[in-house]
Every structure is written in structure tokens, then in C-alpha cells.
Amino acid sequence: MLGLGLIGRIAAEVRRDVAAARSRDPAARDVGRLEILATWPGVHALLAHRIAHALHEIGVPFLPRVIAAASRAVTGIEIHPAAKIGQGFFIDHGMGVVIGETVELGDDVTLYQGVTLGGTGFATGKRHPTVQDNVTIGSGAKLLGPITVGHGSKIGANSVVIHDVPPNSTVVGNPGHPVRVEGRRPEGPDADWVHLPDPIADAIKSLATRISGLEQSVVDEAPGPGNVRPLRPAEIQDAPDGTTRINRNVGPNPAGG
Ligand SMILES: CC(C)(COP(=O)(O)OP(=O)(O)OC[C@H]1O[C@@H](n2cnc3c(N)ncnc32)[C@H](O)[C@@H]1OP(=O)(O)O)[C@@H](O)C(=O)NCCC(=O)NCCS
């Protein structure tokens, strides 16, 4: 079962997790280690996961899932017991975080609340993201599928990422796209995702211009006091060749002309 070596390993991991909370959460700077251990939900979830994962690794049935479910009920953070999580992991606030079965996290990764590291469907095997060292994932971000997030990268809050992320880059938006790579804006024709041409908006704009032009010409053509078109009765004549002729503008002008 749980040997002394394993317990020592879990204790070391938890010590480093608490230190990570202290260094990366501005609200924890002046808070003692014991208080963080007692009151930080992200730390509770990790402590539970370290134990559940150790039990899962040595083949203990049932119990790892019970621990994970209890931890989820208390913290709102769901971590599958099989997920591999490196050292110095920190979940800030935590509620709504989901970490799937085949997730692999490197060292010193930070997640905010509402992050999903999930699969895209019903695929089996490796189907969840791999996140390398020193990655920060903003609140509400969804990372889906067996993608790799390169070390040192940042994922913006509420991004939806379904492709690999290069190292040391910043990815934002839905679909997630790099806005910084190695500190520089990516170059190339497809790099400006914020100001993409919008053909539908352009078509609507040109129709609106045409409609206002037509409206103006209707106003200009409308009969005003000085622009009265006289309506005179027409005269209908039977022509000698058997056809009927209509003579317009005969008779008195109803406008008095
Ligand atoms: C992405 C993030 C990490 C900033 O990374 P950064 O490398 O410092 O990037 P910058 O702030 O220079 O922003 C780069 C570009 O992305 C845009 N951007 C930043 N965050 C964004 C987001 N979440 N969604 C969409 N665009 C975003 C910026 O406006 C900027 O656009 P520009 O290139 O047109 O100027 C940060 O914006 C973020 O989302 N952090 C998550 C924080 C969080 O979840 N906090 C919860 C606390 S409870």
C-alpha cells in the first residue's frame, strides 16, 4: 500500500503546491502556510489529487474516484485521478475547473477558475491536452483535444484552444490564435485576427447606402406644391381599322389649368 517513500513524495509535492500559491496569488503573500493549507480550495483539490493519483498509480480500485468525487463536491474542482500533474501547480479560486483523465501538466502551471482541459468528443486513448512548464491559463479558457501547450505560454481568459500552442506565446480568442510569439506580434497575411475582412458586413453596408440613395430620390421626386402632375381624363376612340385608341391628357385639367 502507501509506503513511506510515497507519503514523503506526496508531502513534498504538497509543500511545493503551497509555496506556489504563496508566490503566485497576490492575496496569499502575507498568509501563513498553514492558513493556505486550511483555506485555499485549489490547494485542497491538489492535496486530494496527490493522494488519489498515488492510489490510482499503485492500482487501488474505487478509492481514488471516491476521493476525487469528494474533493469535487467540496472545492468545485474536478481532477481525474489518472491526470498527471507536475510540481508547483496552482489553481487560483478554482470553482469550475475540469482536468481530464489523460491530461499531463508540467511544473509550475497556473490555472484560474472555470478552466477546462478536456476532450473533443468520445475518442479514447490520449484525448486531453498536454501543458508544458510555466504555462498560465486564464479563467474560463477551454483547451480541448490532445494538443500541446508549449512552455512559458499564456492562454487568455475565455479562449477556446483546439490547436497546439507554440512555446512562449500568448493565445487569445475563439478560436484561440497567437497574438504574441516570443514577445513579438506574429507576422504574415493571416496574423491580424482582430481586423479580418467581413464580406457580409461589407455587403450590408453597400445595400444600406443604396437604400438611402433610393429614399432620397423618392423624396426628391415626390409631388410638392410646385410639382403637381395633372390627371386628365382619357378619351377612348374606336379606330377605323377595328382597334381601340386611348387619347390621354384630353378634357379639363382637374388642377384647374
Ligand atoms: C492573455 C493574458 C495572460 C495577457 O497576456 P500578455 O502576453 O501579457 O498579453 P497582452 O496583455 O500584451 O495582450 C496581447 C493582446 O491580446 C489581447 N488580449 C489579452 N487578453 C485577452 C483575452 N482574454 N481575450 C481576448 N484578447 C485578449 C490584448 O488586448 C492584446 O491585443 P493587441 O495585440 O491588439 O494589443 C491576460 O490578458 C489574461 O487573459 N489573463 C488571464 C487572467 C485571469 O484569468 N484572471 C482571473 C483572475 S480571477
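The values are calculated or read from the model by the stated rules, or taken from the named source; none is laboratory data. Computed from a predicted model, the values in this text were never measured in an experiment. Cβ: placed from backbone, ideal geometry, glycine included. Neighbour counts: every protein chain shown.
The figures follow:
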| item | result |
| --- | --- |
| Qualifying position, being small (G, A, S), surrounded by 10 or more Cβ atoms within 10 Å (Cβ to Cβ) and under 28 Å from F90 (Cα atoms), among G125, G152 | G152 |
| Selection count where residues are assigned to a loop (DSSP other than H, G, I, E, B), hydrophobic (A, V, I, L, M, F, W, C), surrounded by fewer than 21 Cβ atoms within 10 Å (Cβ to Cβ) and under 21 Å from the mean Cα position of the chain (by Cα), scope region 76-113 | 1 |
| Any hit, region 144-155, residues being among the basic types (K, R) and touching a Pro at 6+ places or on another chain (Cβ under 8 Å) | no |
| Tabulated pairs, region 163-184, first under 22 Å from G119 (Cα atoms), second within 10 Å of the ligand (Cβ to nearest atom) and among the aromatic types (F, W, Y), C-beta under 8 angstrom, 6+ apart or interchain | G173/W193; H177/W193 |
| Some residue of region 94-108 being within 24 Å of I36 (Cα to Cα), of a type outside the set (S, T, Y), within 16 Å of the ligand (Cβ to nearest atom) and modelled with pLDDT under 95 | yes |
| Residue within region 174-186 that is within 16 Å of the ligand (Cβ to nearest atom) and under 25 Å from D17 (Cβ atoms) present | no |
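Conditions tested, residue by residue: (1) within 21 Å of T110 (Cβ to Cβ); (2) out of contact with any helix residue (DSSP H, G or I) (no Cβ under 8 Å at 6 or more places or on another chain).
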| site | (1), (2) |
| --- | --- |
| S23 | yes, yes |
| A28 | yes, no |
| W40 | yes, no |
| V43 | yes, no |
| A48 | yes, no |
| L55 | no, no |
| F62 | no, yes |
